[in-house]
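To keep things clear, I will list the structure first and then write my remarks on it.
Nothing in this text is a laboratory measurement; each read-out follows from the coordinates by a stated rule. Remember, predicted model here, so these are calculated numbers, not experimental data. Here the Cβ is made from the backbone with ideal geometry for all residues, glycine too, and neighbour counts use every protein chain on show.
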Amino acid sequence: MADTLYIVNLKHYRNAVGRSFRSFMESMGRFRHVENVVFAIPHVNFPDAHAMDGFRFFAQDIDPSGFGAYTGSVSMDVAMEYGISGTLLNHSERRVSDERIASVVQRAASLSFDVVLCARDAEEVRRFSSLNCRYIAYEPPELIGGNISVSTARPEVIRQAVEIARASGKSLLVGAGIKSRGDVEKSIDLGASGILVASGVVLANSPPDALSSLIV
Ligand code: G3P
């Protein structure tokens, strides 16, 4: 079985992004060259990320456009120049249209750029399962940022989502409210291939220790 994937979403937390990004990532030094740990970062920190060796970075969102006359865009092409190898897409805090999802997924596939397509329920997992992306992430919005984990509150939905994703050859990740190793273990037992976590790591007293404590 492949290693469980851990995606740490830095969101836009003050202690982890912008001018704090470099010191935050320095504190995460023990996760350099750890292939199954990925940090999802805002595009403003792409150049900083590029200057830091050994981490795996995804964007938090991306545009489908390439280089050209696209004012305000953040393209995969630019992200890749900075060593960013994938992106979250359609996160609950950054929902996008179905049309945009389809364009990003299509372009990403042609560039071998990983997409973690976020879904808020089993119905969305089903709807997205026909798209050509590697991961679908189930995150119930009402549990995001809270203390009750998706694996505790929605085990049946996870089971269902895992089946739907597997049937179309995708890996199902889960996120929302994950704070403990038990939450991660339960997610894996239910069939998840990995987890997404934000507040439980980024806002912890010691983010690196909090992340270490989740790794099974
Ligand atoms: O993308 C992960 C995120 O939405 C989960 O947030 O704070 O519940 O771990 P959190």
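Summary of values
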item	result
Matching residues in region 177-196 - criterion: being in a helix (DSSP H, G or I) and basic (Lys, Arg)	Arg181, Lys186
Failed condition for Glu156, given (1) surrounded by fewer than 19 Cβ atoms within 10 Å (Cβ to Cβ); (2) within 11 Å of the ligand (Cβ to nearest atom); (3) charged (D, E, K, R)	(2)
Enumeration of residues in region 71-122 that are farther than 24 Å from Val37 by Cβ, touching an Asp or Glu at 6+ places or on another chain (Cβ under 7 Å) and not small (Gly, Ala, Ser)	Arg120
Matching residues, region 88-119, being of a type in the set (S, T, N, Q) and touching a strand residue (DSSP E or B) at 6+ places or on another chain (Cβ under 7 Å)	Asn90, Ser92
Count - residues of region 135-150 that are buried (at least 17 other Cβ atoms within 10 Å of the Cβ) and either touching a residue at least 40 places away in the same chain (Cβ under 8 Å) or within 12 Å of the ligand (Cβ to nearest atom) (or both)	9
Restricting region 22-55 to residues that are over 18 Å from the mean Cα position of the chain (by Cα) and polar (S, T, N, Q), the residue that is surrounded by the most Cβ atoms within 10 Å (Cβ to Cβ)	Ser27
